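The values are calculated or read from the model by the stated rules, or taken from the named source; none is laboratory data. On a predicted model such as this, the values are computed, not experimentally measured, just so you know. Glycine gets a Cβ as well: all are built from the backbone with ideal geometry, and neighbour counts include every protein chain shown. In case anyone asks, the SASA skips ligands and DNA or RNA and just uses the protein heavy atoms, side chains included. Shrake-Rupley method; radii C 1.70, N 1.55, O 1.52, S 1.80 Å.
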Amino acid sequence: MAETPEEMFDLGGKVAIVTGSTKGIGRAIAEQMAALGARVVVSSRKADACDQVAAEINAALDGSAGEAVGIPCHILHREQCEALVQRTVDRWGRVDILVCNAALNPFLGSLRDIPDEAFDKTIDANIKSNVWLTNLVIPGMIERRDGVILIIGSTGGLRGTENLGTYAMTKAADMQLVRNLTVEWGRYNIRANCIAPSLVKTDMAKALWSDPRRLDIVNRSYPLQRIGEPDEVAAIAVALASRAGQWMTGQTIVVDGGMMAGSLVSEA
Amino acid sequence: MIPRMYDLSGKVAIVTGSTKGIGRSIAEQLAHHGARVVVSSRKADACDAVAAEINAKWVRGPAEAIAVPCHIGHKDQCRHLVDRTLAKWGQVDILVCNAAVNPYMGSLMEMPDEAFDKIMSVNVRSNIWLASMVGPHMKAQRDGTIIVISSTGGLRGSAVLGAYGLSKAADMHLVRNLTVEYGPYNIRSNCIAPALVRTDFARALWEDPQRYETAIRSYPLGRIGEPEDISGIAVMLASKAGAWITGQTLVVDGGAMAAIGRYA
Ligand SMILES: NC(=O)c1ccc[n+]([C@@H]2O[C@H](COP(=O)([O-])OP(=O)(O)OC[C@H]3O[C@@H](n4cnc5c(N)ncnc54)[C@H](OP(=O)(O)O)[C@@H]3O)[C@@H](O)[C@H]2O)c1
Ligand SMILES: NC(=O)c1ccc[n+]([C@@H]2O[C@H](COP(=O)([O-])OP(=O)(O)OC[C@H]3O[C@@H](n4cnc5c(N)ncnc54)[C@H](OP(=O)(O)O)[C@@H]3O)[C@@H](O)[C@H]2O)c1
């Protein structure tokens, strides 16, 4: 047992990439990781937004350890994914933590009606880019015998949905991807986990919570009586990247206010 | 400095079976993150010794550990544990149901009724007692966390740990039920399900070279767990970081479940 208390949630010296981190859950992850001492790459499609958010994170750090830098990347483009990892390595020498957070949902409606292009785009952004990015960081992690991969899935990937069919299939694929990464690379001390939230107050899901009457119904359907905040999903992801998550891999952690556990309305 | 999301300052925690192994590491880490902690097991002297060590080594800020012995198989002792905590600190925010027993190894089909009853009463019913005893206080303050230490044994059949596995599967359902019953009062309930961890409880498994080899070969991370591999997850759940997670079982197993059958 450790003689001096080990700091469970310290990320001092770690280098992290968080895709889609100018807003919402990704931004909360980047902020929290930097606050724990990590050097974090803030990324999204828009270079100015990346720089802006990185500057805001650095300002909030107020001189304490940790640092943020903006590197744009549209995850649908392989060469941009490659550049994201390469520029990170050029700057900080390595990638210890990869958070695949960005995802797309270009189509709402029945699976019967989804155009092939929308289907392909969803699969490419939400599955293929995660495989690209993980393959780009894993060689360095193997060399160092240390690495953390986190993928933001969704409770949509755990049940049928009326109008998010393809998106939900990609979120189920995320859960399988972390199991596969675990089997392939676990022996090099690479941990891979998926975080699956239900409804979180971000722009992506705004249509589902911006109408107060609808929000009230949704809130009451959760055992905890409310939808989630980005910080609450982020803090689970961040903990898994730290010492606290060192023996946890191949898992999907559902963070959902109790939705999946049971309904407040009695069922047979 | 305690990181904001994982800060437990001002919180009061009860950890059953916390003089050794996983429970002890959880008590240490909760104290280290700012909580006032009740150390508990069947043996008063062991509780005193561990509480003193936590006070000497692990506490930060106004955190503190006290000792309250409790054999969780006895309802009056569970009641005493909760009452003493409330008398001392006036609140209880975190309950960790960690203590459990396994008095029998062998086929479920040949198991004596007494052994079955003991496993079910200590590993399941005692947790219900304790949850029901802290419930009114957590409800009144509209805030609380209940963590039950389950096991991956509750996710798969076993030739020799059948009833123990049943009880650990029941724990997973218990937190789902607590979520439905207590969730509206902002009480979060979750299980942590470890695979093999290096403690006295599992000594027979990791001291046996063949079993140990099988374990480390079938766990993708290539090693069995240490108590510290579990206690950080417990702090995460007990803190602000865990404010929106409830009814879940977090499997902490070095990747074992993701790789089932790989080396079979
Ligand atoms: N919010 C929810 O209710 C919810 C529930 C379950 C799961 N999730 C998952 O959580 C993750 C984050 O979603 P969020 O709700 O936080 O969304 P959000 O607030 O809308 O943020 C999305 C982020 O991703 C970036 N982005 C969008 N398209 C991108 C692309 N093609 N390449 C790179 N970056 C891109 C956005 O910036 P730019 O527009 O500048 O590129 C932004 O930074 C997603 O994987 C989502 O599926 C969300
Ligand atoms: N170790 C593993 O591989 C493993 C794997 C999965 C799950 N778990 C679970 O983890 C939990 C902790 O186990 P551990 O491995 O940390 O065991 P451990 O190192 O043997 O510690 C057990 C603790 O519980 C106390 N205890 C035992 N019986 C008790 C009772 N009837 N009432 C109150 N306290 C009691 C013990 O102290 P006294 O003897 O002084 O009472 C000791 O403090 C258990 O729920 C176990 O099922 C363990």
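Quick notes on this structure:
- Using only alpha carbons, the protein assembly as shown has a radius of gyration to Kirkwood radius ratio (Rg to Rh) of 0.96.
- Radius 14 Å from Cβ of A:Ala35, net charge of other residues (Lys, Arg +1; Asp, Glu -1): -3
- Extension gain, B:Asp143 to B:Ser9, is 46.8 nm, computed as 0.36 nm per intervening residue step minus the present C-alpha separation.
- When the Gaussian network model of chain A links Cα atoms closer than 10 Å, the mean-square fluctuations of A:Arg45, A:Arg226, A:Arg91 top out at A:Arg91.
- Beta bridges per DSSP, both residues in region A:4-115: antiparallel share near 0 percent.
- For chain A, the longest principal axis of the alpha carbon atoms and the long axis of helix A:212-221 meet at an angle near 80°.
- Relative to the compact-globule estimate of 2.2 N^0.38 Å, the Cα radius of gyration of region B:110-264 comes out at 1.11.
- Calculated FRET value between A:Val131 and B:Lys75, using beta carbons and R₀ = 45 Å, to 0.05: 0.25
- With 10 Å bins beginning at zero, the pair-distance distribution over Cα atoms of region B:45-143 amounts to 13, 36, 31, 14, 5, 0 %.
- In chain A, taking the dipole from charged Cβ atoms about the Cα centre, the farthest positive-side position among A:Pro230, A:Ala28, A:Ala192 is held by A:Ala192.
- Residue with peak Gaussian network fluctuation, chain A [Cα springs, cutoff 10 Å], from A:Arg191, A:Arg87, A:Arg214: A:Arg214
- Total formal charge among the other residues, if their Cβ is under 13 angstrom from that of A:Ala65, Lys/Arg +1 and Asp/Glu -1: -2
- Listed pairs A:Lys14/A:Lys171; A:Lys121/B:Lys240; B:Lys43/B:Lys75; A:Lys14/B:Lys20 exceeding 25 Å between Cα atoms: A:Lys14/A:Lys171; A:Lys121/B:Lys240; A:Lys14/B:Lys20
- Probe 1.4 Å, accessible area per residue of region B:4-259, Å²: 37
- Per residue, region A:139-229 exposes 45 Å² of accessible surface when a 1.4 Å probe is rolled over the protein heavy atoms with every protein chain present.
- Residue among B:Ser151, B:Thr249, B:Val12 farthest towards the positive dipole end of region B:4-259, charges placed on Cβ: B:Val12
- For B:Ser239, neighbours were defined as the other residues whose beta-carbon sits under 13 Å from its Cβ, and their charges (Lys and Arg +1, Asp and Glu -1) total -1.
- When +1 charges are put on Lys and Arg Cβ atoms and -1 charges on Asp and Glu Cβ atoms, the dipole computed for the protein assembly as shown relative to its Cα centre reaches about 380 debye.
- Chain A - Rg and Dmax from Cα coordinates, angstrom: 18.3, 61
- In this structure, B:Ala49 and B:Gln210 have a Cβ-Cβ separation that, at R0 = 35 Å, corresponds to a calculated FRET efficiency of about 0.50.
- Pairwise burial A:B, computed as accessible area of each alone minus the pair, summed, 1.4 Å, Å²: 4300
- Surface share of carbon and sulfur [accessible, 1.4 angstrom probe, percent] for the protein assembly as shown: 51
- Per-q log10 I(q)/I(0), chain B, q = 0.08, 0.16 Å⁻¹ (Debye; single scatterer per alpha-carbon; no solvent): -0.30, -1.22
- Residue among B:Val68, B:Pro194, B:Ile233 farthest towards the positive dipole end of the protein assembly as shown, charges placed on Cβ: B:Val68
- At 1.002 mPa s and 20 °C, Stokes D of region B:158-234 from Kirkwood alpha-carbon radius, µm² per second: 148
- Computed magnitude of the charge dipole of chain B (debye, nearest 20; Cβ of K, R +1, Cβ of D, E -1): 520
- This model, with +1 at the C-beta of Lys and Arg and -1 at the C-beta of Asp and Glu, gives region B:7-152 a dipole about its Cα centre of some 340 debye.
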